[in-house]
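Some notes on the structure that comes next.
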Amino acid sequence: MTDISLPPLRLGVDLGGTKIELIALDPSGTVRWQERVATPAGNYHATLDAITDLVLRCEQQLGQSGTVGIGIPGVVSRHTGLVKGANSVCLNGQPLEQDLGQRLQRPIRSANDANCFAISEATDGAAVGYRTVFGVILGTGCGAGIAVDGRVHEGPNGIAGEWGHNPLPWMTAQEFPGPACFCGRHGCIETFISGTNLARQYREHAGVGLAGPEILARVAQRETAAEQVFCAYLDQVARALSHVVNLLDPDCIVLGGGLSNVERLYQELPQRLPAYVVGGECRTPVLKHCHGDASGVRGAAWLWGR
């Protein structure tokens, strides 16, 4: 339960590499205010200014104050208080929660953007009523977050859910050792099941360079090469998710990101998972997101509870 002494509004900030979005929710989840601005490229202090301006303008317009949660493309270390692992590199090594808290004169809560996705869908989205939720973002990259009882599960290192940087399970001879990943290793799950790498696999198989939406259009048309690549992709996703089931056994898996709009994922993944899950049985539902692109910013707002 949320502390009744907290203000009623929940303000969420989605801090991305190209845009900053702010949303204000009332306790029912109704959007009271929403706005996007461009992210000041590579400028940490200008980014703080932009977030501060959004929050203060929102509160002035609504005539109410709110709690502030922020989703970031990295994590804040609970040991140092500094951002680490952010692909918006100007954030790394910065005390974001402290600096923003000083400007707004209130405590700030932050979480990785994939964790915000999981919280959003667990709070008032596709995963309502499920206790342990594994939220997956299949987009340009591949991220995941964990929500338990509607709260972020980060772990002491702040990296719970960083499933995309484990190696793809049971690689075939053709897959091994896997492509190089930006993390410095080879064969990470992300290097197979992200949208970027679906395009890579199609290019290697068919000799044609196409963007993800074009490949998916060919899949829908049952083009032979696209179908072969997509079936291999489905198997890779199933293998990757089976490790999550074996380790965490979540009550549900929710998919988000651009690739999550492919309906065949929800038809075929539940059929493929039992072949890789211990015991040969898997009843874990694989669900489509409810809030789409808004899940990240809504989850940031719900970091303070409903």
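Matching residues to (1) open to solvent by less than 30 Å² (accessible area, probe 1.4 Å); (2) in contact (Cβ under 8 Å) with a residue 12 or more places away in the chain:
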residue	(1), (2)
ASP249	no, yes
ILE253	yes, yes
ARG272	no, yes
ALA275	no, yes
GLY280	no, no
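If the condition is being in a loop (DSSP other than H, G, I, E, B), touching a strand residue (DSSP E or B) at 6+ places or on another chain (Cβ under 7 Å) and over 18 Å from LEU234 (Cβ atoms), then region 180-191 contributes CYS181, GLY187.
Is it the case that GLY178 is free of Cβ contacts under 8 Å to residues at least 60 places away in the same chain, over 18 Å from LEU138 (Cα atoms) and open to solvent by 20 Å² or more (accessible area, probe 1.4 Å)? In short, no. If I filter region 62-116 down to residues being farther than 20 Å from GLN34 by Cα and of a type in the set (Ser, Thr, Tyr), which single residue comes out as farthest from the chain's Cα centre (by Cα)? It comes out as THR80.
In the set (1) surrounded by fewer than 16 Cβ atoms within 10 Å (Cβ to Cβ); (2) farther than 28 Å from GLY161 by Cα; (3) touching a residue at least 40 places away in the same chain (Cβ under 8 Å), GLY17 fails one condition alone, (2). Of the residues that make up region 104-112, is at least one farther than 30 Å from PRO285 by Cα, modelled with pLDDT of 95 or more and out of contact with any strand residue (DSSP E or B) (no Cβ under 7 Å at 6 or more places or on another chain)? Among the residues of region 104-112, at least one is farther than 30 Å from PRO285 by Cα, modelled with pLDDT of 95 or more and out of contact with any strand residue (DSSP E or B) (no Cβ under 7 Å at 6 or more places or on another chain), which makes the answer yes.
The criterion of at least 1 residues that are open to solvent by less than 10 Å² (accessible area, probe 1.4 Å) is met, among strands (runs of 3 or more DSSP E) falling completely within region 26-145, by 66-72, 108-112, 132-138.
Scan region 155-178 for residues that are under 13 Å from the mean Cα position of the chain (by Cα) and either assigned to a loop (DSSP other than H, G, I, E, B) or at pLDDT 95 or above (or both) and the total you get is 4. With the condition kept exactly as written, say whether any residue in region 195-211 is touching a His at 6+ places or on another chain (Cβ under 9 Å), open to solvent by less than 70 Å² (accessible area, probe 1.4 Å) and closer than 29 Å to VAL148 by Cβ. Checked against the condition, which is being touching a His at 6+ places or on another chain (Cβ under 9 Å), open to solvent by less than 70 Å² (accessible area, probe 1.4 Å) and closer than 29 Å to VAL148 by Cβ, region 195-211 yields no hits at all.
Here is the figure for region 259-290: residues that are more than 19 Å from CYS231 (Cβ to Cβ) and either modelled with pLDDT under 95 or among the charged types (D, E, K, R) (or both) total 3.
The values are calculated or read from the model by the stated rules, or taken from the named source; none is laboratory data. Bear in mind the structure is a predicted one, so any value in this text is a computation, not a measurement. Neighbour counts run over all protein chains shown; Cβ positions are idealised from the backbone, glycine included. For accessibility, only protein heavy atoms count, side chains too; no ligands or nucleic acids. Shrake-Rupley method; radii C 1.70, N 1.55, O 1.52, S 1.80 Å.
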